[in-house]
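> Mind looking over this structure? Questions follow.
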Amino acid sequence: MVHRNAPLTPTGRLRLARCVVDDGWPVRRAAERFQVAHTTAARWAGRYRHDGEQAMDDRSSRPHRSPQRTSRAVEDEVLRLRDEHKIGPGRIAGRVPVAASTVHQVLRRHHRPILAACDRATGEPVRRYEHPRPGELVHVDVKKLGRIPEGGGHRVLGRAAGRGNQARACGGGYLFLHTALDDHSRLAYTETLADEKAATCAAFLRRA
């Protein structure tokens, strides 16, 4: 994904490079035409000259060599502490000779999820299923809620007075909160209805 403020997309880079390499434009003229720095125009033209169209995509910024990378023995110890004790980078760093930030990088490199995304008992990542497209699976649920009448219910007034208050409440004793939730997008739709009968639920699903 190209940065939203990038002056050149891969297509724009290719056009710039072709102007310089194929059409013979001076680099400075191409830079002015595409409103980029001279060094930027020279870089994309050079990549196109040596590697062709496929060189117009962004490259990884990862270095070719990492001589100061954490040793394999330390990485193994970090992973062992994480798997056996279910602890985070801060506590692991107190037991191995590296900083917490380095521990975090080691855990990321080995695809260990954060503790909040793991089951506390097993340490395994919690896996949530998700359908690939909206509308393929819709969860429907009904929540039954007791009405609280004006003046309060039996918890405030006592059983006898509460029943009398309840009988005078508009619409009876309960409301039914119908909710439909799309599995892919997590978009929710909710209505408050008078009951949870089959016809009511079917009509709600059609509206949702």
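The values are calculated or read from the model by the stated rules, or taken from the named source; none is laboratory data. What you are looking at is a predicted structure, and each value in this text was computed from that prediction instead of being measured. Cβ: placed from backbone, ideal geometry, glycine included. Neighbour counts: every protein chain shown. To get the accessible areas, we keep the full protein, side chains included, count just its heavy atoms, and leave off ligands, DNA and RNA. Shrake-Rupley method; radii C 1.70, N 1.55, O 1.52, S 1.80 Å.
> Against the globular-protein guess of 2.2 N^0.38 Å, express the Cα radius of gyration of segment 70-147 as a ratio, rounded to two decimals.
Normalised Rg, Cα atoms only: 1.64.
> GNM on the chain, C-alpha springs below 10 Å: top fluctuator among S61, S101, S185?
S61
> Additional query: Please give the length that would be gained between E53 and R147 if that part of the chain were fully extended, namely 0.36 nm times their separation in residues minus their C-alpha to C-alpha distance (nm, one decimal).
Full extension from E53 to R147 adds 27.1 nm.
> Go ahead and estimate [θ] at 222 nm for the chain from helices alone: -39,500 (n - 2.57) per DSSP H run with n ≥ 4, summed, over the residue count, rounded to 500.
-12000 deg cm²/dmol
> Another one. Can you tell me the equivalent ellipsoid semi-axes for the chain? Use √(5λ) from the Cα gyration tensor, largest first, whole Å.
In descending order, the three semi-axes are 60, 33, 16 Å.
> With the dipole of segment 1-106 worked out from charges on the C-beta (+1 for Lys and Arg, -1 for Asp and Glu) around the Cα centre, which of G88, V20, A30 lies farthest toward the positive end?
A30
> While we're here: Using every alpha carbon pair in segment 9-119, what percent of pairs falls into each 5 Å bin from 0 up to the bin containing the largest distance?
Calculated over all Cα pairs of segment 9-119, the distribution is 2, 11, 17, 13, 7, 5, 6, 8, 11, 10, 6, 3, 0 percent.
> What is the extension gain from D119 to R80, computed as 0.36 nm multiplied by their sequence separation minus the C-alpha to C-alpha distance, in nm to one decimal?
Full extension from D119 to R80 adds 12.3 nm.
> If I build a Gaussian network model for the chain, linking alpha-carbon pairs within less than 10 angstrom, which residue out of I92, I114, I148 has the largest mean-square fluctuation?
Between I92, I114, I148, it is I148 that shows the largest mean-square fluctuation.
> Heavy atoms only, 1.4 Å probe, whole protein assembly: order W25, W44 by accessible area, highest first.
Descending order: W25, W44.
> Heavy atoms only, probe 1.4 Å: what % of the accessible area of the chain goes to carbon and sulfur, would you let me know?
51 percent
> Just subtract the alpha-carbon distance of A203 and H131 from 0.36 nm times their residue separation and send over the number in nm, one decimal.
Gain in length upon complete extension: 23.5 nm.
> Still on this structure, I have one more. Using the basic label-point model (7 angstrom from Cα toward the beta carbon), what is the Q35 to S60 distance in nanometres?
In this crude spin-label approximation the distance works out to 3.4 nm.
> Next question, about the same structure. Taking the full set of protein chains and a 1.4 angstrom probe, give the accessible area of E136 in square angstrom, rounded to the nearest 10.
Surface accessible to solvent at E136 totals approximately 80 Å².
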